[in-house]
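Have a look at the structure that comes next, please.
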Amino acid sequence: MASGLRVSELDKRYGSLAALSGVSLTVREGEVLGLIGPNGAGKTTLFECVAGVLPADRGTVMVNGRPVPALGRGAHLFYMPDGIAPWPSQTAGWILDFAIGFFGGDPARRTAVVDRLQIAPLLGRRLGHLSKGERKRVLLAVAMLTPQPLLMADEPFDGLDLKQSREAAAALRDHAAGGRTVFLSIHQIGDAMRTCDRFVLLSGGRVCGEGTAGELAALARSRGAAPDGFEEVVLALT
């Protein structure tokens, strides 16, 4: 099953508010793509519409060149929202085992993922009793143990300290190198630069640029900006 994905002309409105307007982007097979934008840009709305959690008003989501309706996207992608605490009364170890069984993941990979995200000391603790950063690492493990070709995660580094963010970024890059396509919504530019191959910039519900850091810098210069570093590129384009 191919893991590349194409979003075309996606719209989402809330009354008079256009949350997404004509959003088009491509997630290439085997890459780590980062979605970047200011607060209120529409990043979470876009992820929810692509995942089929939220109905879009217009637009198409295609996998391997074929449109996939919202109800069919779960076969192609796994979406990990931000700020959730599923099964708070269950232990982290139970949650990993349940996710593997429910989604059809490979139990042989459990130990490697646990070790990579350094969550072994958390396995016997209830999810609802974990800190934000601890819970985030457990849920990243859940996402990495699911079998769908495309993994989407909203703010995967939120709650992690610098060392944990770097380790999680390396884990996600290795995960993609092992054959998974990864699409991340990231707030911090440093985390995005450490993790992603290419970027989509979103502002006001519209795509402002898509490409590598170098390609986006060239786009900013073509519009008269003189950016010094990727943060300045993002500011110039959004």
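The values are calculated or read from the model by the stated rules, or taken from the named source; none is laboratory data. Since this is a predicted model, take the numbers as computed values, not measurements. Note that we place each Cβ from the backbone using ideal geometry, even for glycine, and neighbour counts take in every protein chain shown.
Can we say L122 is touching a strand residue (DSSP E or B) at 6+ places or on another chain (Cβ under 7 Å) and under 25 Å from D191 (Cβ atoms)?
no
Oh, and also: Test A225 against the criterion of being at pLDDT below 95 and either over 14 Å from L33 (Cα atoms) or of a type in the set (V, I, T) (or both), and give yes or no.
yes
Could you tell me which numbered condition S203 fails, if it satisfies all but one of (1) under 20 Å from L117 (Cα atoms); (2) more than 16 Å from the chain's Cα centre (by Cα); (3) of a type outside the set (F, W, Y)?
Exception for S203: condition (1).
Let me ask another. Looking at the stretch 140-164, which of its residues are outside any strand (DSSP E or B) and in contact with a strand residue (DSSP E or B) (Cβ under 9 Å, 6 or more places away or on another chain)?
L140, V142, A143, M144, T146, P147, Q148, P149, E155, P156, F157, listed by residue number.
Condition check: modelled with pLDDT of 95 or more and closer than 23 Å to L237 by Cα. Does G34 satisfy that?
yes
Still on this structure: Just one of the numbered conditions (1) closer than 23 Å to L46 by Cα; (2) in a helix (DSSP H, G or I); (3) free of Cβ contacts under 8 Å to residues at least 60 places away in the same chain is not true of A218; which one?
Single failed check for A218: (1).
Moving on to the next point. What tally of residues in the stretch 102-132 results from selecting those that are part of a helix (DSSP H, G or I), surrounded by fewer than 22 Cβ atoms within 10 Å (Cβ to Cβ) and either in contact with an Asp or Glu (Cβ under 7 Å, 6 or more places away or on another chain) or of a type in the set (S, T, Y) (or both)?
1
A quick yes/no check of all residues on (1) touching a helix residue (DSSP H, G or I) at 6+ places or on another chain (Cβ under 8 Å); (2) buried (at least 16 other Cβ atoms within 10 Å of the Cβ):
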{"residue": "L160", "(1), (2)": "yes, yes"}
{"residue": "A168", "(1), (2)": "yes, yes"}
{"residue": "T181", "(1), (2)": "no, yes"}
{"residue": "I189", "(1), (2)": "yes, yes"}
{"residue": "L201", "(1), (2)": "yes, yes"}
{"residue": "L216", "(1), (2)": "yes, yes"}
{"residue": "G224", "(1), (2)": "no, no"}
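Here is a follow-up. Could you tell me whether any residue of the stretch 166-175 is of a type in the set (G, A, S), under 27 Å from F102 (Cα atoms), modelled with pLDDT of 95 or more and in a strand (DSSP E or B)?
no
Give me the pairs, please: first residue somewhere in the stretch 18-47 and in a loop (DSSP other than H, G, I, E, B), second residue anywhere and modelled with pLDDT of 95 or more and among the hydrophobic types (A, V, I, L, M, F, W, C), beta-carbon distance under 7 Å, and either six or more positions apart or on two chains.
G30/A176; E31/A176; G37/L201; G37/L202; A41/L202; G42/A19; G42/L20; G42/L202
Quick check, is L151 out of contact with any Cys (no Cβ under 9 Å at 6 or more places or on another chain) and buried (at least 21 other Cβ atoms within 10 Å of the Cβ)?
It is true that L151 is out of contact with any Cys (no Cβ under 9 Å at 6 or more places or on another chain) and buried (at least 21 other Cβ atoms within 10 Å of the Cβ).
Quick one: in the stretch 23-67, which of the residues that are among the charged types (D, E, K, R) and within 19 Å of D191 (Cβ to Cβ) is surrounded by the fewest Cβ atoms within 10 Å (Cβ to Cβ)?
Looking at the filtered set, the residue picked out is E31.
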